[in-house]
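Asker: Have a look at this one before I ask anything.
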Amino acid sequence: MLPRDERRFKTADLDGDSAATREEFTAFLHPEEFEHMKNIVVLETLEDIDKNEDGFVDQDEYIADMFANEEGGPEPDWVTTEREQFSDFRDLNKDGKMDKEEIQHWILPQDYDHALAEARHLVYESDVDKDQKLTKEEVLDNWNMFVGSQATNYGEDLTRNHDEL
């Protein structure tokens, strides 16, 4: 892990002084949030999943990252769905494998706002009267969903006073 961390640190260390500013350290810890770190995220993903080390992620490697069929039985339905996802949406050039550009499109999509998606999910699941507004009761009735959500800092934000609640 040391060479990997060193490579990541050197990429995050924009001024090259071998000391991390707050911003550089944040980039080291959360590289997916920084434009200059995106190549590192893609490279690390490729290194983790590309078991045959050919520089690509084929469908079997993609599935093996999520599911190990140790019992030798039939694959669950969700694995079949993931195989279809690979063919239909991950392998953009239809050559049977993902290159670095396709991996980036998969793990760092440009048109996806994680916070917005999580907020919409919480409202959809908790808004009993479907008025697109959450009451205190709706939040409390679904407290387990909120304390498990990154959008609420795993519930910590719910302990603070909020005028909007």
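Asker: In whole angstrom, note down how far apart the Cα centers of the range 72-115 and the range 1-70 are.
Answerer: 18
Asker: Same structure again: Near MET1, within a Cβ-to-Cβ distance under 14 Å, what is the net charge of the other residues, with Lys and Arg +1 and Asp and Glu -1? Walk me through the intermediate numbers first.
Answerer: Numbers: positive: ARG4, ARG7, ARG8; negative: ASP5, GLU6, GLU44, GLU47, ASP48.
Spelling it out: positives minus negatives among the neighbours equals -2.
Asker: Per-residue ellipticity at 222 nm for the chain, helices alone: DSSP H runs ≥ 4 residues times -39500 (n - 2.57), over residue total, nearest 500 deg cm²/dmol?
Answerer: -13000 deg cm²/dmol
Asker: Volume per residue, Å³, of the convex hull around the alpha-carbon atoms of the chain?
Answerer: Numbers: hull volume 32.5 nm³, N = 165.
For the chain, the hull spanned by Cα atoms encloses 197 Å³ per residue.
Asker: Per residue, how much accessible area does the range 1-107 have with a 1.4 Å probe, in Å²?
Answerer: Values: 7060 Å² over 107 residues.
That works out to 66 Å² for each residue.
Asker: Hey, rough spin-label estimate for GLU53 and TRP143, points 7 angstrom out along Cα→Cβ, what's it come to in nanometres?
Answerer: 5.2
Asker: For LYS10, what is the net charge nearby, where nearby means another residue's Cβ is under 13 Å from its Cβ and Lys, Arg count +1, Asp, Glu -1? Mind dumping the intermediate values first?
Answerer: On the way: positive: ARG4, ARG7, ARG8; negative: ASP5, GLU6, ASP13, ASP15, ASP17, GLU24.
So the surrounding residues net to -3.
Asker: Probe radius 1.4 Å, ligands and nucleic acids ignored: give me the carbon and sulfur share of the accessible area of the chain as a rounded percent.
Answerer: 50
Asker: Helix 114-126 versus the longest principal axis of the chain: what angle, 0 to 90°, nearest 10, using Cα atoms?
Answerer: Once rounded, one gets 40 degrees.
The values are calculated or read from the model by the stated rules, or taken from the named source; none is laboratory data. Keep in mind that what you see is a predicted model, and the values were worked out from it rather than measured. Here Cβ is always computed from backbone atoms with ideal geometry, including for glycine, and neighbour counts include all displayed protein chains. Accessible surface is based on the protein model in full, side chains and every heavy atom, while ligands, DNA and RNA are left aside. Shrake-Rupley method; radii C 1.70, N 1.55, O 1.52, S 1.80 Å.
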